[in-house]
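The block underneath contains the structure these notes are about, expressed in structure tokens.
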Amino acid sequence: MLDCSSPTAARPTPSRRQVGALLLGTLAAGLTRPAAAQPVVEDVRIADFDWVDGARQRPVPARLYWPNTSSLRRRVPLVVFSHGLGQSRTGYSYLGRHWASHGVASLHLQHVGSDTSVWTGNPLALLDRIERAAQEQEAFARARDLRFALDRILVQDGGAFGDRIDPRRIVAAGHSYGANTTLIAAGARVIRDGRPLQARDPRIAAGIVISAPPFYGERDLRAVLGAVEIPTLHVTATEDVIQLPGRTSPFSDRLAVYEAIATPRKALAVFRGGSHSIFTDRPLTGGLNLNPQVKEATATGALAFLDLAFGGDPEPLRAWSSTWKPILAVAPAGFASASLAQPAVSSRERDRARAHPVQPL
């Protein structure tokens, strides 16, 4: 394995024969450029890594948000975060800073091939670059990025950080395309030519799934997600709509992903209103007042979920649901015990879903 001081954003060349992008997560954080990282809080250490997976000749840049461990007496949990399309390791900084300031390390990966590199080059070829980024080959390369990054932080760089990470409390998390990466690392699989295609990492003990697109080209989501057995928190909003020319993924697709998870060790939080990119660092999308509330609620809700997943304590999540009830359409009280009752959906979202039905790839 080689380290590079400044890896380039070179993209792999996925096969065009692999039709039907596995993920509509190509939208990721929307067709807008990522916001700049926000200022760092004093009690959080930030370290950037410019790793290269020598076996695949693929750069895997990462940014680590590390707690102030001088006041901690035991090993810390680790979240490995996967970004949406067109983002980078500097994105979703509000989550990394909040989690680290509360004793949870957060390693934010950059997936070269579906990162900020999609915005470079001829603007007339933008849709082609987005389509390449959504290919099945890239989807599974992302999950292998996650495995490689865990190897680096836990084993090869163990003296610096790995020795202080609790290997029993490792969490995969992601937004949009990154949510699908999380599910693949958690055990999602598809069948190709009669053989299972998967990239599960058994070190992942819980998942935080934000705005997950459907697995496109797959008619039976339960078959894809049935092997996901770890506890998962699913986060979305009633206006969480993904749109591309000729393709639309309504908010109901997020619910379908949640429902397809077989284990009852899952929880669902649905915010009222919002947008698909409200969960990124962008400060205005989804509403000037709602945006910062959803960000704070998402960051704190994830920690409450980890208390349930790792400690078996549902009270923090119940208290969270009570606190944020005014902006929640679905408020989790613990792990699921029955099938999901459909939340209230705005007329705007219903009209949008009718006007733009999902087109299969």
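Readers should treat all values here as calculations from the given coordinates under stated rules, not as data from a laboratory. Not measured: the values here are computed from a predicted model. Every residue, glycine as well, gets a Cβ built from its backbone with ideal geometry; the counts of neighbours run over all protein chains shown.
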Counting only residues 5 or more places away or on other chains, whose amide H sits under 5 Å from the amide H of Gly174 once H atoms are built in the peptide plane? Ser82, Ile208, Ile210
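Report the extension gain between Leu197 and Asp220 in nm, rounded to one decimal, defined as 0.36 nm multiplied by the number of residues separating them, less their alpha carbon distance. Walk me through the intermediate numbers first.
Values: separation 23, 0.36 × 23 = 8.28 nm, distance 1.51 nm.
Taking Leu197 through Asp220 to full extension adds about 6.8 nm, to one decimal.
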Roughly speaking, what is the centre-to-centre gap between the stretch 61-108 and the stretch 251-269 when only Cα atoms are used, to the nearest Å? 25
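Rounded, prolate or oblate: which fits the stretch 223-306, taking a ≥ b ≥ c as square roots of the Cα gyration tensor eigenvalues, rounded meaning a/c under 1.5, else prolate when a/b beats b/c?
Numbers: a/c = 2.71, a/b = 1.27, b/c = 2.13.
Cα axes put the stretch 223-306 in the oblate bin.
First check a/c for the stretch 168-239, with a ≥ b ≥ c the square roots of the eigenvalues of its C-alpha gyration tensor; if it is under 1.5, answer rounded, and if not, answer prolate when a/b is larger than b/c or oblate otherwise.
Numbers: a/c = 2.16, a/b = 1.17, b/c = 1.85.
It is oblate, given that a/c is not under 1.5 and a/b is not larger than b/c.
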Could you rank the peptides 173-184, 76-87, 128-139 by their average count of other C-beta atoms within 10 Å per residue, with the highest value first? 173-184, 76-87, 128-139
Expected output is a single nm value to one decimal: the length gained when fully extending between Ala262 and Glu229, i.e. 0.36 nm times separation in residues minus the C-alpha distance. What is it? 11.1 nm
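With the cut-off at 1.5 for a/c, could you classify the stretch 86-199 from its C-alpha gyration tensor as rounded, prolate or oblate?
Details: a/c = 2.23, a/b = 1.36, b/c = 1.64.
Since a/c reaches 1.5 but b/c is at least a/b, the shape of the stretch 86-199 is classed as oblate.
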